[in-house]
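Have a look at the structure below before the remarks.
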Amino acid sequence: MSLQRKIGKEILFFDGAMGSMIQKHNFTVPPEILNISNPQIITDIHEKYIEAGSDIISTNTFGAYSHKFGNLEQIISRAIINAKAAVLKSKKEVYIALDMGPSGKLLKPLGDLEFSDAYEIFKETAILGEKYGADLVILETFSDTYEAKAAILAIKENTNLPIFCTMTFDENQKTLTGGDVLTMVSLLEGLGVDALGINCGLGPKQIEPMVKEILKYSSIPVMIQPNAGLPKSVNGKTVYDLDAEEFSESMKRMCMEGALILGGCCGTTPEYIQKTVEKCKLLTPVSLSEKEYTFISSGSRHLLLGREPLIIGERINPTGKKKLKEALINKDMDMILQEAIDQKEAGAHILDVNMGLPEINEVEYIVDSVKAIQAISDLPLQIDSSTPEVIEAALRVYNGKPLINSVSGKKESMEKIFPLVKKYGGVVIGLVIDENGIPETAEARYDVAKKIIDTAEEYGIKRKNIVIDPLTLTVSAQQKEAIETLTALRNIKQGLNVKTILGVSNVSFGIPNRQSVNSTFFALALQAGLDLCIINPLSDLMMGTYRAYKIFAGLDENCREYISCYSDKAIVTDTVKNTSRKASVSFSPLEECVVKGLKDIAYIETKKLLETTEPFDIINSHIVTALDYVGSNFETGKMFLPQLIMSAESAKRSFDAIKEHMDKQGKKTELKGKIVLATVFGDSHDIGKNIVKAILENYGYEIIDLGKDVPIETVVSSVVENDIKLVGLSALMTTTVVNMEKTIEKVKEVMPQCKIMVGGAVLNEDYAKMINADFYAKDALSAIPIAKEIFGK
Ligand code: B1M
């Protein structure tokens, strides 16, 4: 029977770990090479899993990508041959999954890899997998939804293979990039994978609560491949804390809850799979059901629509906004980013992104804007354009499940937009306008809405993923029709069982005191059942109306949200300004830029500050304080790696300005001495080390900068080759100070007379002594007297 017919109907068993099985042989080559050098070992492992009861075995191709292996085709073909040999021998109906892990490179903005380059990497492997006879692809151990999206598109667009996609979560139930399980479900289900779930990272007990959550919301089969518990070190070896019996008991529980595809990851062996098969084989598979929840998401945040009205910030749209128009024409991305930040702070849940300006290339601008906004904001986006090509370009690079604004009831619009919605996943907004224009009556608008929904369903788009916009009309010009909008909204929501949306502000065009009309219409629309409200969140009156409405709708228990928002503010009169911004943490403008990751403004703010403030004060009182704030939020799970990276980038830009300033000021004196600087092995934090470098250079020392993550031998050979008297080492992590200690030991071994100074937030004076450093520098300036002491000048 074909695999497709079994997916979702039967309990399917995957294999367990390949890596742990290979490790037992102590090979030194990458595992993928063994497909060619030691095929029998790989086939034997597959055979053992088939004997244990696996219905699907995964090829030994976890990291098989063209940038790692020149002989990619050979590796993949041999890997599939090895798997096929085991299947043939077993005479069982076993399917072969092309195993694809992450590319090993981080995508922008986390790393250097472009989304389109990631796509190409995955495409090559997937095409070869299909060519040599894989039955499906298993994408596993992904920790960045964006990378998973690149892989899924690459496989879907270039092969016909079913896709199972699993991601890895930590004990805080988040991926490395901060997404939770529902963020994953929204994206992967939208992209149309055949199964989704969790693998690696944790044991079955730790993933159980997450699996329950996934099962509640996922309409597609759920797959689990946990580790054999949590790792611990025994006699220098990593072992896992669950035996096969305990592992399989947990697997059985999750299978009874509804997980349909079961396997194992690190530490699991054929015994674990065999026990799991024994315990689950005869269970009745829990039948799949369509879950009627509507989600949209960014890469790190999901939003459930319909539970309460949500605010869509309308301000990233040049229509009628002179300043934004100018900013766009001048490619001033910072203004757009600032709008994104301000709207979020004012209470927006979603950001509209519209680049419809005749003077600019809309495709290029929307792509750049979507990428830039999603790098600094975790709010889901509404992709807004009247041009299908623009919508598609934005959908492609968007990291998440977006709102798509919009399709109309016109045949041509539906023919162009629905295939995009189906392919990329998203919630589409249907405007009740068709070839005959906007209907005047509520009944006729209902009919257009129904036509849109029926047609969408023909394209395989579920009703839950459609939102209808009954269209706001200008009350001064079309009073009767504007009022009809409210009736249409109510009828469409109730009669067609879909969510609704309105762009509220249009109602008041052409009349004075627009805000009163807007806020009254808004309140009426909310009362009529509006789910998504496109408004200006920086308008006090609109946000006040929204928050007050929530009180009366029973959505703000004991008026808690309202009170906390307004207790410290003067009564709302209206001007368009942002009163909801709470100054709970007060930052200087530069600190704010670093915290929010606004690189270019950080540079400008630093330049301004340099007119009045000493460089070192800027470092200590702005850059370091901002990074400390980001660091502690990261530690407590309030901020995630992408934000940490953007903050680090902004700190670097700020420091660029400082360095330019110091270079201009610094007198070129004769060099006072040569110092080697390095961030120790395993540690990529180099902002502090670079500051130390700049300051020492400014004081006339020559610096040999070995960079970050520097192997011990590199430090040692540089010290010897350059006959160095002073080495500076930096380390920021508890896990890397051990390498600092080892580096000191080696340097002292070969050059006992060479002095070593150490620094970095993780160290202190006592610790520095303990690891035999000669000097501890608490900050960059403290490095100067140390250098003076060594070189006597
Ligand atoms: Co990461 N990071 N980070 N990080 N990061 C820390 C260090 C962390 C404390 C955050 C936290 O959880 N609170 C934590 C370490 C926890 C621990 O070990 N206890 C951490 C972690 C966990 C990680 C990752 C593992 C996250 C992940 O991937 N899951 C990962 C590690 C990657 C690796 O190294 N293998 C990671 C990655 C990153 C970024 C890449 C995103 C980025 C670094 C970018 C870069 O440096 N190019 C980053 C950042 C920015 C930070 C924080 C927020 C800020 C570090 C910094 O630049 N501070 C940091 C939290 C924090 O420190 N508050 C954090 C400002 C800098 C000027 O201070 O380096 O101390 P500092 O330098 C000072 C002085 O100490 C002294 O002078 C400088 C100026 O006064 N000094 C010296 C420093 N070196 C000196 C040498 C000297 C003399 C003086 O002589 C030689």
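Under a plain spin-label model, where a point goes 7 Å from the Cα along Cα-to-Cβ, how far apart in nm are Gln494 and Asp117?
Using points 7 Å along Cα→Cβ, the separation is 5.7 nm.
Which value, in debye to the nearest 20, gives the size of the charge dipole of the chain about its Cα centre, when Lys and Arg are +1 and Asp and Glu are -1 at the Cβ?
Numbers: 89 positive and 106 negative charges, 89 e Å.
I would put it at about 420 debye.
For segment 55-99 and segment 503-557, write down the distance between their C-alpha centroids in whole Å.
So the separation of the two Cα centres works out to 57 Å.
Expected output is a single nm value to one decimal: the length gained when fully extending between Lys108 and Thr520, i.e. 0.36 nm times separation in residues minus the C-alpha distance. What is it?
Gain in length upon complete extension: 144.0 nm.
How much of the calculated P(r) for segment 3-280 lies past 30 Å, in percent of all Cα pairs?
Numbers: 8465 of 38503 pairs.
Roughly 22 percent, rounded to a whole number.
How far is the Cα center of segment 126-141 from the Cα center of segment 339-366, in Å?
Taking the Cα centre of segment 339-366 as reference, the centre of segment 126-141 is 38 Å away.
Starting from the alpha-carbon convex hull of segment 49-151, give the projected area averaged over all orientations, in nm². Don't jump to the answer; show the numbers that get you there.
Details: hull surface 25.5 nm².
If you wrap the Cα atoms of segment 49-151 in a convex hull and average its projections, you get 6.4 nm².
Name the residue from Gln274, Thr166, Leu34 whose Cα lies farthest towards the positive end of the charge dipole of segment 3-280, charges +1 on Cβ of Lys and Arg and -1 on Cβ of Asp and Glu.
The residue sitting most towards the positive pole is Gln274.
Reachable lysines from Lys275, Cα under 17 Å, same-chain residues fewer than 8 places away excluded?
Lys48, Lys205, Lys252
Take the alpha-carbon centre of segment 1-53, take the same for segment 252-326, and report the distance between them in whole Å.
The distance from the Cα centre of segment 1-53 to that of segment 252-326 comes to 26 Å.
For segment 415-545, go through all pairs of different Cα atoms, get the mean of 1/r, take its inverse, and jot down that Kirkwood value in Å. Don't jump to the answer; show the numbers that get you there.
On the way: mean 1/r = 0.0661 Å⁻¹.
Kirkwood hydrodynamic radius for segment 415-545: 15.1 Å.
Could you work out the equivalent-ellipsoid semi-axes for segment 674-791, taking the square root of 5 times each eigenvalue of the Cα gyration tensor, largest first, in whole Å?
Values for segment 674-791, descending: 17, 16, 14 Å.
I'd like the FRET efficiency for Val720 and Lys331, computed as 1/(1 + (r/R0)^6) with the beta carbon distance as r and R0 of 51 Å, rounded to 0.05. Don't jump to the answer; show the numbers that get you there.
Values: r = 49 Å, r/R0 = 0.97.
About 0.55, to the nearest 0.05.
Which value in deg cm²/dmol, rounded to the nearest 500, describes the helix-derived mean residue ellipticity at 222 nm for the chain, given -39,500 (n - 2.57) per DSSP H run of n ≥ 4 and division by the residue count?
Working: 31 runs with 369 residues, N = 793.
When only DSSP H runs of four or more count, the value is -14500 deg cm²/dmol.
What Kirkwood radius, in Å to one decimal, follows from the Cα pairs of segment 294-530? Each step should come with its number before you reach the end.
Numbers: mean 1/r = 0.0555 Å⁻¹.
After inverting the mean inverse Cα-Cα distance, the result is 18.0 Å.
Taking 0.36 nm per residue of sequence separation and subtracting the Cα-Cα distance, how much length would be gained by fully extending the chain between Asn361 and Asn633, in nm to one decimal? Spell out each step's value before the answer.
Values: separation 272, 0.36 × 272 = 97.92 nm, distance 3.81 nm.
Net length gain for the segment: 94.1 nm.
At most 16 other Cβ atoms within 10 Å and a DSSP loop assignment: could you name the GluC sites (Glu not before Pro) in segment 303-360 that fit?
On the way: sites: Glu314, Glu326, Glu339, Glu345, Glu359; in loops: Glu314, Glu359.
Counting only loop positions with at most 16 other Cβ atoms within 10 Å, the GluC sites (Glu not before Pro) in segment 303-360 are Glu359.
If segment 23-104 were replaced by its equivalent ellipsoid, with semi-axes equal to the square roots of 5 times the Cα gyration tensor eigenvalues, what would those be, largest first, whole Å?
Square roots of five times the eigenvalues give 21, 14, 11 Å.
Using alpha carbon coordinates only, what is the Rg to Rh ratio of the chain, with Rh defined as the Kirkwood radius? Write down the numbers at each step before the final one.
Values: Rg = 29.5 Å, Rh = 29.3 Å.
Rg/Rh for the chain comes to 1.01.
At R0 = 41 Å, how high is the FRET efficiency between Gln40 and Phe791 if r is their beta carbon distance? Nearest 0.05 is fine.
Details: r = 63 Å, r/R0 = 1.53.
It comes to 0.05.
Any idea what diffusion coefficient segment 589-664 gets from Stokes-Einstein, in µm²/s, Kirkwood Rh on alpha carbon pairs, 37 °C, 0.692 mPa s?
Numbers: Rh = 12.0 Å.
Stokes-Einstein gives a translational diffusion coefficient of 273 µm²/s.
Roughly how big is segment 202-340's charge dipole about its Cα centre, with Cβ charges of +1 (Lys, Arg) and -1 (Asp, Glu), in debye to the nearest 20? If you can, show how the numbers build up before the last one.
Working: 19 positive and 18 negative charges, 86 e Å.
That gives segment 202-340 a dipole magnitude of about 420 debye.
So between Lys778 and Thr734, what do we pick up on full extension, going 0.36 nm a residue minus the alpha carbon distance?
Working: separation 44, 0.36 × 44 = 15.84 nm, distance 1.63 nm.
Computed gain between Lys778 and Thr734 is 14.2 nm.
If r is the Cβ-Cβ distance from Asn513 to Ser219 and R0 is 51 Å, what FRET efficiency results, to the nearest 0.05? Kindly include the intermediate steps, with their values, before the conclusion.
On the way: r = 47 Å, r/R0 = 0.93.
My answer for the efficiency is 0.60.
Just to be sure I understand the model, the point goes 7 Å from the Cα along the line to the Cβ. What's the resulting Lys769 to Ala553 distance in nm?
6.4 nm
None of the figures in this text is laboratory data; all of them are computed from the coordinates on show. Remember, predicted model here, so these are calculated numbers, not experimental data. In this analysis, Cβ positions are derived from the backbone assuming ideal geometry, glycine residues included, and neighbour counts consider all displayed protein chains.
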